[in-house]
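Accompanying notes for the structure given below.
The values are calculated or read from the model by the stated rules, or taken from the named source; none is laboratory data. Bear in mind that the values here come from a model prediction, so they are computed numbers and not experimental data. Cβ sites come from the backbone with ideal geometry, for glycine too, and all protein chains shown count toward neighbours. What goes into the accessible areas is simple: the full protein's heavy atoms, side chains included, and nothing from ligands, DNA or RNA. Shrake-Rupley method; radii C 1.70, N 1.55, O 1.52, S 1.80 Å.
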Amino acid sequence: MLPVSIVIITKNEADTIAACIRKSKQITDDIVVVDNGSTDETLDIAAAYGCRIYRQSWDGYGANKNKGIEAAKHNWILSIDADEVPDDELIGSLHKLNFNNPAIVYDIKFRSYFGKKPIRFGSWGRDHHIRLFNRIFVKWSETVVHEILMLPGPMQVKTVKGRIHHYSVKDVNEYNSKGLYYAKLSAKQYFNSGKKANIIKLYFSPIFGFIKNYIVFLGFLDGREGWDIAKTTLKNTKRKYRFLSQMGNRQIQKQPVNDGLVVEY
């Protein structure tokens, strides 16, 4: 096994976590699951595979991932979600690394799925993220949503062969629901950082995003799924800035700004 700990945050992930853990077991014997009140069989599955389970309150994506990092046995961390599965090529690539230099971070390509269909074009088809890093230097930002890895100073970024397969959504209804959830979180984060929803953001950003995703990045080549992704992304971008505008209006009117916008993972 590699000197790497895998950290997974969960809430009601029984449908996907088994596949994630099975592949993770080929990488390390230290799998840390940080759970936020699952009511399905998520924790039973994780326990059956020998994961170390930590039940935590929800403080945000980055904060809960950092809790898992702190609980890990190893300094090297592979951070994945319960609906993400490393493929055999990636696992083989990781076993060839020496892990001697903590100032290196590793960028990994993703293959996202809409239902059972792998998405090869659009913004989803270009997806990649730094997910393997050393906790001595690197932590997650503790923003409400869209957490990022904080890299101190000059870090060397390397790409490893293979992919993480991300089983994103089952269908357009689930994507729409998730989009609404993230739109609310993003609006809240923008509001807290002082951003405002101007005319360009409200009306032009959704259209520009659609054109980039569906036409420039060739999302139309993914067929009906490419159309559903581009269309729903446009709608959720509109939602995000509409929520932000509503929060700004409530502030002007001296009303509570969180009514109807409080969400929890």
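Numbers for the structure displayed
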| quantity | calculated |
| --- | --- |
| Number of the condition not met by ASN75 [criteria: (1) free of Cβ contacts under 8 Å to residues at least 60 places away in the same chain; (2) more than 20 Å from HIS128 (Cα to Cα)] | (1) |
| Those residues of the range 135-151 which are open to solvent by less than 60 Å² (accessible area, probe 1.4 Å) and over 15 Å from the mean Cα position of the chain (by Cα), in sequence order | ARG135, VAL138 |
| Residues (open to solvent by 50 Å² or more (accessible area, probe 1.4 Å), assigned to a helix (DSSP H, G or I) and either within 25 Å of GLU147 (Cβ to Cβ) or touching a residue at least 12 places away in the same chain (Cβ under 8 Å) (or both)) located in the range 189-213 | ASN192, LYS201, ILE207, PHE208, LYS212 |
| Extreme residue, farthest from GLU41 (Cα to Cα), among residues of the range 1-29 that are open to solvent by 10 Å² or more (accessible area, probe 1.4 Å) and small (Gly, Ala, Ser) | ALA19 |
| Total residues in the range 152-188, condition hydrophobic (A, V, I, L, M, F, W, C) and either open to solvent by 60 Å² or more (accessible area, probe 1.4 Å) or over 15 Å from the mean Cα position of the chain (by Cα) (or both) | 6 |
| Pick from the range 121-134, criterion out of contact with any Ser or Thr (no Cβ under 6 Å at 6 or more places or on another chain) and part of a strand (DSSP E or B), ranking: most open to solvent (accessible area, probe 1.4 Å) | HIS128 |
| Within the range 16-56, tally of residues that are of a type in the set (A, V, I, L, M) and touching a Lys or Arg at 6+ places or on another chain (Cβ under 6 Å) | 2 |
| Listing of strands (runs of 3 or more DSSP E) fully contained in the range 17-120 that carry 1 or more residues being of a type outside the set (Lys, Arg) and over 30 Å from ALA230 (Cβ atoms) | 31-35, 52-55, 76-79, 104-114 |
| Some residue of the range 46-67 being closer than 23 Å to HIS146 by Cβ, in contact (Cβ under 8 Å) with a residue 60 or more places away in the chain, surrounded by 15 or more Cβ atoms within 10 Å (Cβ to Cβ) and of a type in the set (Asp, Glu) | no |
